[in-house]
Amino acid sequence: MIYLDHAATTAVHPEVIREMEPYFGELYANPSGVYEFSEDAKEILQRVRQRIADSIGAESNEIYFTSGGTESDNWALVGAAEGMRNRGRHIITSCIEHHAILRACEYLETRGYDITYLPVDAEGRVSIEELERAIRPDTILISIMFANNEVGTVQPIQEIGAIAERNGILFHTDAVQAYLHEKIDVGKMGIGMLSASSHKFQGPKGVGFLYVRSGIDLPSFLHGGSQERGRRAGTENVAGIVGMGKAVAVGEREYQKNHEKMLSLREYLLHRLETEIPFCKINGSRKDRLDGNVNVSFRFLEGESLIILLDMEGICVSGGSACAASEHTVSHVLQGIGLPPEFSRGTIRISLGAENTIEEMEYVADKIKELVGNLREFSEEYLELQEKGFV
């Protein structure tokens with residue numbers, strides 16, 4: 001199997017598994033206990049909190065453990081909106097956010113909040129000018145994702161943060177795809193809240209974190225015990241948090257090597273697809289793009305058919321966000337960038353990981369070229385162009 005859907009999830013790193021193992025057995029204590037047996041659990045949570053904080057230029061008391069990106073996004077938006085409702089009820093986001101943001105915004109609309117969904121350009125980038133024009137006296141929150149999970153475009157986060165700071169507006173970014181793949185400094189970038197999810201960077205599923213800058217009054221999202229300094233009730237997933245901490249350490253250690261490798265593999269694959277397959281379009285920014293993202297559309301075929309045929313060849317790719325894979329509709333991201341239907345229907349997303357190799361890319365490029373050609377044999381429009389000598 002050649003796994004090329006790392007934007008959906010990643011394999012847990014072997015070092016992470018080893019680090020977690022004791023916390024399923026001999027070190028199983030609840031960190032809320034008052035006895036000595038719980039001390040190790042308390043201490044390891046604090047060490048992981050500090051490690052995550054150091055990775056983004058934050059303080060340890062600004063990191064809150066969650067169940068993952070969806071909870072972090074919902075807590076950031078709904079919590080901030082409720083906490084600042086007396087200041088205003090206007091929120092700005094983009095039309096290509098993850099559904100964890102978009103559906104939280106839809107919920108807030110039912111609660112009387114006004115949401116502005118900024119359009120993006122053909123590469124999936126938010127316009128700074130349009131963002132500034134959208135700001136109103138009652139704007140309380142801006143939430144723009146750091147990097148898009150489908151087309152890979154990295155947003156001008158530092159510029160957005162500066163605008164938010166100048167206008168006294170809280171800025172949240174969904175960094176689920178970007179954390180440990182892009183350099184992040186929350187202070188320099190003006191970020192007030194940031195979401196991340198462990199399983200996107202070789203950690204376990206079901207655990208993540210939310211960074212909340214000191215001084216931000218974010219109400220509790222889960223009500224119950226006094227865990228997470230009274231802001232997030234529920235017994236901490238100690239083993240998962242330990243694994244996330246180790247994944248952060250591995251990700252930082254391997255950052256430069258992985259960056260160079262995935263960039264090289266991505267450019268090789270993009271070049272082959274663009275030069276060897278006619279009627280092919282690369283989606284997203286070529287310059288400001290996640291290292292491992294290849295989002296490509298082919299005319300005269302259905303992307304779902306290509307994905308199934310690639311799977312039969314042992315190659316795992318997707319059509320977009322795994323969270324919406326069963327909806328069988330054109331992605332809101334592809335609609336947002338204005339991709340014509342004849343291309344959007346034939347879109348696949350390839351997302352690379354550190355374990356992928358150049359030999360795999362050669363094989364994948366060969367197979368995609370072969371299968372695209374086979375599928376187009378069923379397209380009357382394509383065959384007609386072929387007959388006329390346009391292909």
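Every number in this text was worked out from the coordinates using simple rules, so none of it is lab data. Values in this document were obtained by computation on a predicted structure and should not be read as measured data. No Cβ is skipped: glycine too gets one built from the backbone with ideal geometry, and neighbour counts run over all protein chains shown.
Note on segment 56-100: Rg/Rh from Cα positions, Kirkwood definition for Rh, rounded to two decimals, is 1.01. Normalising the Debye intensity of segment 227-377 to I(0), with uniform scatterers on Cα atoms only, and taking log10 at q = 0.12, 0.16, 0.17 Å⁻¹ returns -0.61, -0.93, -1.00. Counting only DSSP beta bridges whose two residues both lie in segment 156-270, roughly 55 percent are antiparallel.
Its Cα gyration tensor gives segment 41-150 an equivalent ellipsoid; the semi-axes, largest first and in whole Å, are 28, 18, 13.
Against the main long axis of the alpha-carbon atoms of the chain, helix 99-110 sits at an angle near 70°.
Listed values [x] 75, 62, 50; [y] 78, 53, 33; [z] 66, 52, 34 include one computed from this model; for Cα extents along the principal axes in Å that value carries the label [y].
Our helix-only sum for the chain, with -39,500 (n - 2.57) per DSSP H run of n ≥ 4 divided by its residues, gives a mean residue ellipticity at 222 nm of -11500 deg cm²/dmol.
Only Cα pairs under 8 Å and 6+ residues apart enter the sum, and on that basis the relative contact order of the chain stands at 22 percent. For helix 39-56, report the angle its Cα long axis makes with the longest principal axis of the Cα atoms of the chain; keep it between 0 and 90° and round to the nearest 10°. For helix 39-56, the angle is close to 50 degrees. Ranked by the mean number of other Cβ atoms within 10 Å of their residues, highest first, the peptides 69-76, 253-260, 58-65, 208-215 fall in the order 69-76, 208-215, 58-65, 253-260.
The Kirkwood hydrodynamic radius of segment 125-266, based on inverse pair distances between different Cα atoms, is 16.8 Å. Between the Cα long axis of helix 157-166 and the first principal axis of the chain there is an angle of about 50°, rounded to the nearest 10. Each pair of Cα atoms in segment 100-195 enters the Kirkwood radius, and Stokes-Einstein at 10 °C and 1.306 mPa s then converts it into a translational diffusion coefficient of 115 µm²/s.
Proximity of backbone amide H atoms, modeled 1.01 Å from N, is registered between T66 and G208, F209, L210 at under 5 Å, excluding neighbours fewer than 5 places apart on the same chain. Within the chain, antiparallel bridges make up roughly 55 percent of the DSSP beta bridges whose residues both belong there. The dipole here belongs to segment 119-225: it is taken about the Cα centre, uses +1 on the Cβ of Lys and Arg and -1 on the Cβ of Asp and Glu, and is about 360 debye.
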